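Where a number appears in this text, it was derived from the coordinates with a stated rule and is not lab data. Since the structure is predicted, the reported quantities are computational estimates derived from the model, not experimental observations. Here the Cβ positions follow ideal geometry from the backbone for every residue, glycine too, while neighbour counts run over all protein chains shown.
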Amino acid sequence: MKTVAVAIALMLTGAPTWAQEVQIGRVNWSKLPALKEKPSGLDYADLALRIGNMLRTDQCKIRGQSARRFDITVPYAALVEPDGKVSRVVIAEQGCHALEALAGEAVLARSAAGEFLPTGEAKARWYVSALNFNLR
């Protein structure tokens, strides 16, 4: 598993920019329970624009995807604290550092915005979810 530093500008919450490590790798996604989430307040139009730019400028080459038409699902595992805050994230390896960093940024922004529900567990536990970015 590799680790990348992801600088997060939390535009949704108005919070200052901060950094956190996000791991990129493989997880047995089917062995983890589903993350309990509120509807996302992320600006998916902005995220789609950013992915389109990645594909257009060849930062990412993803088979079957183009800057004008894409449908990309990025699984992730999150170590969720009892209060719903994420303390660690593993993004499924996508073969594109920019996309992996964007997905990590989105997960951390959702955590900071309180979009993950408290777990009811006594200690932190791993959960699975996915982000979908599409332009059709």
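Taking a straight line from the alpha carbon of residue 36, these aspartates and glutamates sit under 13 Å away, with near neighbours fewer than eight places off in the same chain left out: 81, 83, 115, 121.
Local charge for residue 126 was computed over the other residues whose Cβ lies under 12 Å away, with Lys and Arg +1 and Asp and Glu -1, and equals +2. Can you give the % of DSSP beta bridges in segment 2-135 that are antiparallel, to the nearest 5? Antiparallel bridges make up about 85 percent of those DSSP assigns within segment 2-135.
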